[in-house]
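Asks: Just passing along the structure, written as C-alpha cells.
The values are calculated or read from the model by the stated rules, or taken from the named source; none is laboratory data. Just so it is clear, the model here is predicted, and its values are computed rather than measured. Positions of Cβ are generated from backbone atoms using ideal geometry, with glycine treated the same way; all protein chains shown enter the neighbour counts.
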Amino acid sequence: MATRKTPAPSRRKKAARPRTRKAATRARSAQQRVISQDAIILMLRHLLDPHGIYPVVLKAPIENYIRGGKPALRAFFAPLNRAFRSYGLNLKPGDLANVKTVLDVVDVIDNWFRKHGYQVTS
C-alpha cells in the first residue's frame, strides 16, 4: 500500500478584507457630535427616580437620591456610563467625588462630553 502525502497548505495571501468598517468609523468621527443638556437631565432624572413618582430637584443635595454616602456616590459612575452608553460616556469613580447636588452631576457629565468633542446645547 502506498501512502499518500497530504498537500502542503497553500501559501497564498488571503484576500484583503474590505475597509468599509474603518471608513464608516472615520466618517462617523468626522461628524459633529451633539447632545442636549435637557437630554442629560432627562436621563439623570430617570436614573434617580425610575418610576417618576417624586420630583427630582436639581438644586437638592445628591444624598436625597443616592443613599450610602460617599462610597455609593463614587459607585454611581457605573449606572451613568450604562445610561449614556450610546454616547460613549466613560466616567471614572473619582469624577463624582466632589459632587454635592444633582446639578453638580449634570455639570460633571456636561464637562466630560465637552472634553471629548461633543457640543452640548442648552
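Asks: Would you check which residues across the stretch 77-102 are over 18 Å from the mean Cα position of the chain (by Cα) and buried (at least 17 other Cβ atoms within 10 Å of the Cβ) and list them?
Replies: Within the stretch 77-102, VAL99, VAL102 qualify.
Asks: How do the pairs read when you match residues in the stretch 35-58 that are in contact (Cβ under 8 Å) with a residue 24 or more places away in the chain with residues anywhere that are small (Gly, Ala, Ser), using Cβ under 7 Å and keeping only pairs 6 or more apart or on different chains?
Replies: From the stretch 35-58, the pairs are GLN37/SER122; MET43/ALA83; LEU47/ALA83.
Asks: Ok, one more. Please verify whether TYR54 is buried (at least 16 other Cβ atoms within 10 Å of the Cβ) and either of a type in the set (Phe, Trp, Tyr) or touching a Gly at 6+ places or on another chain (Cβ under 9 Å) (or both), treating the condition exactly as stated.
Replies: On the way: buried (at least 16 other Cβ atoms within 10 Å of the Cβ): no; either of a type in the set (Phe, Trp, Tyr) or touching a Gly at 6+ places or on another chain (Cβ under 9 Å) (or both): yes.
Criteria not met by TYR54.
Asks: Just the residues that are at pLDDT 90 or above, of a type outside the set (A, V, I, L, M) and loosely packed, with under 14 Cβ neighbours inside 10 Å, please, taken from the stretch 25-51.
Replies: Of everything in the stretch 25-51, those that are at pLDDT 90 or above, of a type outside the set (A, V, I, L, M) and loosely packed, with under 14 Cβ neighbours inside 10 Å turn out to be SER36, ASP38, HIS46, ASP49, PRO50, HIS51.
Asks: Another question, if that's okay. Here are some conditions: (1) of a type in the set (Lys, Arg); (2) loosely packed, with under 14 Cβ neighbours inside 10 Å; (3) over 20 Å from SER122 (Cβ atoms). ARG74 meets all but one. Which one does it not meet?
Replies: (2)
Asks: Filter the stretch 85-96 down to the residues that are outside any loop (DSSP other than H, G, I, E, B) and small (Gly, Ala, Ser), then identify the one that is farthest from ARG33 (Cα to Cα).
Replies: Narrowing the stretch 85-96 to residues outside any loop (DSSP other than H, G, I, E, B): 85-87, 93-96.
Okay, now just the ones that are also small (Gly, Ala, Ser), so 86, 94.
On the way: SER86: 12, GLY94: 25 Å.
Within the stretch 85-96, the match that is farthest from ARG33 (Cα to Cα) is GLY94.
Asks: Moving to a separate point now. Applying the selection to the stretch 97-122, what residues are part of a strand (DSSP E or B) and not aliphatic (A, V, I, L, M)? Outline the logic, then answer.
Replies: As a first pass, look at the stretch 97-122 and keep what is part of a strand (DSSP E or B): 101, 118-121.
Those that are part of a strand (DSSP E or B) and not aliphatic (A, V, I, L, M): THR101, TYR118, GLN119, THR121.
Asks: Could you grab the pairs with beta carbons closer than 7 Å, sequence gap of 6+ or different chains, first residue in the stretch 63-79 and assigned to a helix (DSSP H, G or I), second one of a type in the set (Gly, Ala, Ser)?
Replies: Close Cβ pairs (under 7 Å, with a partner that is of a type in the set (Gly, Ala, Ser)) amount to ARG74/ALA97.
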